[in-house]
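What follows is one structure encoded as structure tokens, with my remarks underneath.
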Amino acid sequence: MVALISVAILALLIASIVYQGQSRLSTDLLTRSHSELYIERSGMLPSILGSLAVCMVCAAAALPLGIGTAVFLEEFQPTSRFLRWWHGFIQINISNLAGVPSIVYGLLGLTVFVYMFNVFGKITVNEYSGWELMGATNSYQVLTLDPKIAVKIPTDSADVQRIRMTGPGYVLGPNNEWMQIEIWDPKSGDPRPRDPSKRRRTVKLGQAGSLQTEKAWYYFRLPFDKSFLAAGLTLALVILPIIIIASQEALRAVSPSLREASLGLGATRWQTVKNICLPAAIPGIMTGAILAMGRAIGEAAPILVVLGSLVAKSTGPKHLMDNAVTMPVLIYEWAGRPEPEFQELAAAAIIVLLVILLAFNSIAIYLRHRVQSDSNV
């Protein structure tokens, strides 16, 4: 009876969401970005791309580490009394971490990944004092006498925010080609150049140039600041205990006779784990990974702590240190708006998120059964 009531309540909630959001289900919802002025044109494409980017980082960090930890704890248990005590202590704490609220992991990610304990410098508004390791190209952008043309002066240092032109030299043109510029001094009495081609190659004496930074997709710095990389690593902390526990249960389900037979034939412990235990435990490990990634996709609290409630983003992340919008955060923000149009958009976004989760789980379950059937042949 209780189960029927629970199913009825769930069906009622889904029906209410579908009824409220069906009018907003269209290709525009999937191909456009958030808009404050034109609510009817709002979409969730940046949040879909952001969620995919965050989940890719999360999976890349959590799955190898979680499965490796489970194999070590389950298959290479220590024999000495002291190490057995530590093994039990770690095992108990992993079980406890699985029940910690995700907001706590958000605060941990904010301290460890976003600020990194301020070891590499403090992050303040409009100022960044961290370490840029790779992927950044700094240059000063200066306007020529043709206001539509700007040239760039490459620099290795980003300490000075503005410079002033005092002499001719070689710079990078609009198409990143090297070109020589000339300096025009208004006080010299020389007339202002009128030839369009010369105006593109002439800069006024004392013209200010502002520092511009072009970032490649692999741009990397310390600390991570409010980047999707920090968000993905924070979500990896959230799902890591789930993956470890599920992988351990899958390894425990492998028949001990298989291990004994492998060891009896002269195989080492690692060969037994690699060739016998892991292939037999793959279906259970994949199930745990599916459940863990399903939780990561739907998490909003740790993302709000690490990335904030940014929704006004027109594209997905462009480099590793770029911010991102995720679907749960977008739904949270839209649902909190007083306009009825945003309420409908939030309901439509919930439907999209549910469809993505169901599709993700269906594909993963299919792969799991495929692997399981192949292993039984």
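Of the conditions (1) over 25 Å from L240 (Cα atoms); (2) of a type in the set (A, V, I, L, M, F, W, C); (3) in contact with a helix residue (DSSP H, G or I) (Cβ under 8 Å, 6 or more places away or on another chain); (4) part of a loop (DSSP other than H, G, I, E, B), W334 satisfies every one except a single condition; which number is it?
All conditions are met except number (4).
Condition check ((1) within 25 Å of Y218 (Cβ to Cβ); (2) of a type outside the set (V, I, T); (3) out of contact with any Phe, Trp or Tyr (no Cβ under 8 Å at 6 or more places or on another chain)) across all residues:
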| residue | (1), (2), (3) |
| --- | --- |
| G130 | yes, yes, no |
| T137 | yes, no, yes |
| Y140 | yes, yes, yes |
| K148 | no, yes, yes |
| V151 | no, no, yes |
| A158 | yes, yes, yes |
| P168 | no, yes, yes |
| D185 | no, yes, yes |
| P191 | no, yes, yes |
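Hey, could you check segment 282-333 for residues that are surrounded by fewer than 23 Cβ atoms within 10 Å (Cβ to Cβ) and acidic (D, E) and say which is nearest to M44 (Cα to Cα)?
That would be E333.
Out of (1) part of a helix (DSSP H, G or I); (2) buried (at least 16 other Cβ atoms within 10 Å of the Cβ); (3) among the small types (G, A, S), the odd one out for S139 is which?
(1)
Considering every residue within segment 358-371, establish whether at least one is hydrophobic (A, V, I, L, M, F, W, C), assigned to a helix (DSSP H, G or I) and within 30 Å of G135 (Cβ to Cβ).
no
Look through L310, L291, L278, L304 and report the one residue that is among the hydrophobic types (A, V, I, L, M, F, W, C), part of a loop (DSSP other than H, G, I, E, B) and either touching a residue at least 12 places away in the same chain (Cβ under 8 Å) or farther than 20 Å from C55 by Cα (or both).
Only one candidate qualifies: L310.
Write out, first by first residue and then by second, each pair whose Cβ atoms fall under 6 Å of each other, whose residues are 6+ apart or on separate chains, and whose first residue, in segment 85-107, is assigned to a helix (DSSP H, G or I) while the second is surrounded by 11 or more Cβ atoms within 10 Å (Cβ to Cβ) and charged (D, E, K, R).
S102/E299
One line per residue, one yes/no per condition, for (1) in a loop (DSSP other than H, G, I, E, B); (2) within 30 Å of F113 (Cα to Cα); (3) in contact (Cβ under 8 Å) with a residue 24 or more places away in the chain:
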site	(1), (2), (3)
H34	yes, yes, yes
E40	no, no, yes
I48	no, yes, yes
S51	no, yes, yes
V54	no, yes, yes
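I want to confirm something. Restricting to segment 30-77 and keeping residues that are surrounded by fewer than 20 Cβ atoms within 10 Å (Cβ to Cβ) and β-branched (V, I, T), which single residue is modelled with the lowest pLDDT?
If we take residues in segment 30-77 being surrounded by fewer than 20 Cβ atoms within 10 Å (Cβ to Cβ) and β-branched (V, I, T), then I39 is modelled with the lowest pLDDT.
I'd like the full set of residues that are touching a residue at least 12 places away in the same chain (Cβ under 8 Å), assigned to a loop (DSSP other than H, G, I, E, B) and either among the hydrophobic types (A, V, I, L, M, F, W, C) or surrounded by fewer than 16 Cβ atoms within 10 Å (Cβ to Cβ) (or both), limited to segment 179-235.
D185, R192, L205, G206, F224
For L263, work out the one condition from (1) over 20 Å from V57 (Cα atoms); (2) touching a residue at least 24 places away in the same chain (Cβ under 8 Å); (3) in contact with a helix residue (DSSP H, G or I) (Cβ under 8 Å, 6 or more places away or on another chain) it doesn't fulfil.
(2)
The values are calculated or read from the model by the stated rules, or taken from the named source; none is laboratory data. All values reported here derive from a predicted model rather than from experimental measurement. In this analysis, Cβ positions are derived from the backbone assuming ideal geometry, glycine residues included, and neighbour counts consider all displayed protein chains.
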